[in-house]
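The values are calculated or read from the model by the stated rules, or taken from the named source; none is laboratory data. Every value quoted in this text rests on a predicted model; they were computed, and no experiment measured them. With ideal geometry, Cβ positions are generated from the backbone for all residues, glycine too; neighbour counts draw on all protein chains shown. Ligands, DNA and RNA are excluded from the accessible area calculation, which covers all protein heavy atoms including side chains. Shrake-Rupley method; radii C 1.70, N 1.55, O 1.52, S 1.80 Å.
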Amino acid sequence: MISLRRSGAEFFLWLLALTLLCNSEPRGEIVEAWAVGDGEKVFRFDPEHPSRERNSIWDGEKIQLKGLYNEILAFQIIVVADNRGAKSVEVSVTPPRNHTEGFSIGGTTPGLYGSGGSIEVFSQHYIQVRNPTPPSWVYASSTAAPEEMTGWIPDALIPPNAIPGRGGMPLDIPPTQRTERRVQKLIEIVPAAPRQNQGFWIDLHLPRDRSFPDGLYSSFVQVRSEGQVVASIPLEVTLLPFYLPDENHSNVWMFSGDVEPYFPELSAAQVERMIKFEGHRHRIDMVGGFKVNRSSFDEKMMDDYSGYLNGDFYRPGNGYSGPGEGKGEKLFPIGMYGALTRTAFTDKMSAQAESDLWVSWFEKNAPDVIFFWYIIDEPGEVQFPWIIERAEWIHQNPGPGSRLPVFTTRSFTEGLSGAINLWAGNENVSLDSAQKARSEGQHHWFYNGKRPHWGSTVVEMAAVDLRMIPWVQYIAQIETWFYWHGTQWYHNWQGPKGHLHQRVFSAPVTFTSDGTDLCNGEGVMFYPGRMPFYPDEDRGLNALLPSIRLKNIRRGRQDYEIMYLAEQVAGREAVLKIIRGPLPSILDEAEHLGPTPWSTNGNDYDRAREELLLLLEKESSQ
């Protein structure tokens, strides 16, 4: 029995403590933290995600990763809070240490992207999607769509030094709320969720310095709330004795434009370099959106630009560090989206003189770069005679300009087979058409998203939609995938949103051509660190902010290089046997109006990658 007899002082203190406890505001708390790889999107209100208990990198207790020198391994920490939220939450990673030799990944080289590795942590920003992107040019039919396309979806990744309250760390997880929404004559009421997720993204840059020993490195991931450690998760990283190539053996080409107004404190040259560097670190050629691509030939302008082509600008002496040091861009479009077709190439004499200048410069200064005249975008049959006439101006040029390839965004078409040298299709891209173009000395590429034939690009799609595209490139031997825009914060001229600065952090529809194809997140792979047009969305950073979709492009690009390495020791057929597991049907093998036939589960791609690494280890040891 507990005695209730107390002295007067004791009773007063007890009563005071009881009063304070009763009158204090209930405090939220973190109830769980778990890990998942980079191939999943965990929605904010998805407390029972199937990867929660176990997945390819998480056994329920610790995180286990494996990678090559010069590879970037990414994973997510999902912090689960109760309905009251949590205060001052942050995630940190202790530099993984090799306890035999004493080396630490990211623990010796100052700053990011150093040769000894580095660690980046981002908070995940959620955007509410109420109305899913309808079937259109991004995916063919509702049968190809993901099961879940609405809710609070993570995409933008915010660095810890962003403005507090806008993704910077530490951050507050707000209480969940009951919501009401009028749907025609009804009111839809959603009660406050009992739990919610806050994701954190970690990029672990493995060393490029081969003096670091291969083998096991270990550390901890810590989750703090209000300065107190609430979770400490063991992390094990196995560094394999192979180096991921700096040079890419396939291409991803992404356009960007209208970025300068968002960064008024930076010069045009600084903005250009920022775009180039961030793309390069993600193994993407950010080309086509610069003055040099929409101007008639200018020797000084090209000489000034040449550092991007020969790799000189991608060296530490010019401010760059990270994957691809010293490696130049592979592609150069002349007259992006047809910008020069009615000016520098307006008639036969002008077109031949202009083509002579371009070909002469590239053959002398950048002979390994694929350069081409972007004659027209997405032409219809009515434009075929016009295309043939202008292509003949080039092909019949008596000078060096006859060697200028002509490019358009259309799948291989017999009626244009003598006019077009480089194709990029979105409709009817087949394994046969790509092979036929190669046999005739042409290039056949593909562009944008197209479920069920390959991954889609809108924000509701699975994370691996973007990862699997380089896998398609490997299987089909398609050299280049082109994405039409990575920074469409300022809507292009089309549709009811034409020439509008967009609220890309809060309004999900970022592209529509006619008001019906309302595409969520389309054209936005990077997010702006500054937002002068909507100050409440400004993150206060003169930087391009990445996205989960962008990171999955990088993951797929790195996968391709692992395939390349494995092919060198085991042969192409051995690689195909592994990667065809998650991708049994692609391109024209998939039924156009049918369901998505390839896996949308990140674990399946991770398992295939693990098989590739085992193949590489086995064959290299013989």
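Hey, could you get me the Stokes-Einstein D for region 459-608, Kirkwood radius over alpha-carbon pairs, 25 °C and 0.890 mPa s, rounded to whole µm² s⁻¹? Spell out each step's value before the answer.
Details: Rh = 17.4 Å.
Rounded to a whole number, D works out at 141 µm²/s.
How many angstrom lie between the Cα centre of region 232-284 and the Cα centre of region 556-599?
If we compute the Cα centre of each part, the gap is 24 Å.
Quick one: Karplus J couplings for region 90-101, per residue in order, coefficients 6.51, -1.76, 1.60, θ = phi - 60°, nearest Hz, x for Gly and Pro?
Coupling constants for region 90-101: 8, 10, 9, 10, 6, x, x, 10, 8, 6, 7, 9 Hz.
At most 13 other Cβ atoms within 10 Å and a DSSP loop assignment: could you name the GluC sites (Glu not before Pro) in region 253-294 that fit?
Filter output for region 253-294: E265.
Viscosity 1.306 mPa s, temperature 10 °C: give me the Stokes-Einstein translational D for region 248-385 in µm²/s, with Rh taken as the Kirkwood radius over C-alpha pairs. Could you put the intermediate results ahead of the total?
Details: Rh = 16.0 Å.
Translational diffusion coefficient: 99 µm²/s.
As an exercise, use a Förster radius of 30 Å and the Cβ-Cβ distance of T516 and F45 to find the FRET efficiency, rounded to the nearest 0.05.
0.55
How large is the Rg to Rh ratio of the chain when both quantities use alpha carbon positions and Rh follows Kirkwood?
Value, to two decimals: 1.01.
Which far-off residues, 5 or more places away or on another chain, put their amide H under 5 Å from the one on N55, with H placed in the peptide plane?
G60
Run the accessible area of region 239-282 with a 1.4 Å probe and give the carbon-and-sulfur part as a rounded percent.
With neighbouring chains kept in place, the figure for region 239-282 is 52 percent.
What is the Rg over Rh value, at two decimals, for region 361-452, using alpha-carbon atoms and the Kirkwood definition of Rh?
Radius of gyration relative to Kirkwood radius: 0.98.
With a cut-off of 8 Å between alpha carbons and a minimum separation of six or more residues, what is the relative contact order of region 208-348 in percent?
Answer for region 208-348 is 18 percent.
So which of K327/K618; K66/K618; K276/K327; K276/K551; K291/K450; K291/K327 end up more than 19 Å apart by C-alpha? Could the numbers behind the result be given before it?
Details: K327/K618 30 Å; K66/K618 15 Å; K276/K327 12 Å; K276/K551 16 Å; K291/K450 30 Å; K291/K327 22 Å.
Over 19 Å apart, Cα to Cα: K327/K618; K291/K450; K291/K327.
Semi-axes of region 55-204's equivalent ellipsoid from the Cα gyration tensor, sqrt of 5 times each eigenvalue, largest first, rounded to whole Å?
Equivalent-ellipsoid dimensions as semi-axes: 36, 21, 15 Å.
Quick one: if you take sqrt(5λ) for each eigenvalue of the C-alpha gyration tensor of region 465-553, what semi-axes come out, biggest first, whole angstrom?
For region 465-553, the ellipsoid semi-axes come out as 26, 18, 10 Å.
Applying 1/(1 + (r/R0)^6) with R0 = 60 Å to the Cβ-Cβ distance of V31 and L500, what FRET efficiency is obtained, to the nearest 0.05? Please list the in-between numbers first.
Working: r = 41 Å, r/R0 = 0.69.
Efficiency computed from Cβ-Cβ geometry: 0.90.
What are the ³J(HN,Hα) couplings of region 454-470, residue after residue, when phi is run through the Karplus curve with 6.51, -1.76, 1.60 and θ = phi - 60°? Round to Hz, x for glycine and proline.
Once rounded to whole Hz, the list reads 7, x, 9, 10, 6, 5, 6, 6, 4, 4, 6, 3, 8, 5, 6, 4, x.
So how tilted is helix 299-310 from the main axis of the chain? Cα-based, degrees 0 to 90, rounded to 10.
50 degrees
Over region 208-300, with the other protein chains present, what is the accessible area per residue in square angstrom, probe 1.4 angstrom?
Values: 3740 Å² over 93 residues.
Here the per-residue accessible area is 40 Å².
At q = 0.20, 0.22, 0.25 Å⁻¹, work out log10 I(q)/I(0) for region 406-498 with the Debye formula, treating every Cα as an identical point scatterer and leaving solvent out; two decimals please.
Ignoring solvent entirely, the Cα scatterers give -0.97, -1.09, -1.25.
What is the Cα centroid distance between region 87-111 and region 450-464, reported in whole angstrom?
For region 87-111 versus region 450-464, the Cα centre distance is 34 Å.
Add -39500 (n - 2.57) for each DSSP H run of 4 or more in the chain, then divide by its residues: what number comes out at 222 nm, to the nearest 500 deg cm²/dmol?
Theoretical 222 nm ellipticity from helices: -7500 deg cm²/dmol.
Measure nothing fancy, just the Cα-based angle from helix 602-620's long axis to the longest principal axis of the chain, in degrees from 0 to 90, nearest 10.
70 degrees
Once you keep just the Cα pairs under 8 angstrom separated by 6 or more residues, what percentage relative contact order results for region 468-622?
17 percent
Can you give the FRET efficiency to the nearest 0.05 for E61 and L431, using r as the Cβ-Cβ distance and R₀ = 56 Å?
0.80
Under the 0.36 nm per residue contour assumption, what length would be gained going from the current alpha-carbon distance of L112 and E363 to full extension?
86.7 nm
Tell me which residues come under 5 Å, amide H to amide H, from G85 once H is placed; ignore anything under 5 positions away on its chain.
E29, T176
Return the long-range amide H neighbours of V230 (sequence gap of 5 or more, or a different chain), with a cut-off of under 5 Å between placed amide H atoms.
Answer set, sorted by chain and number: V223, R224, S225.
If the viscosity is 1.567 mPa s and the temperature 4 °C, what translational diffusion coefficient in µm²/s does Stokes-Einstein give for region 51-118 when Rh comes from Kirkwood over Cα pairs?
88 µm²/s
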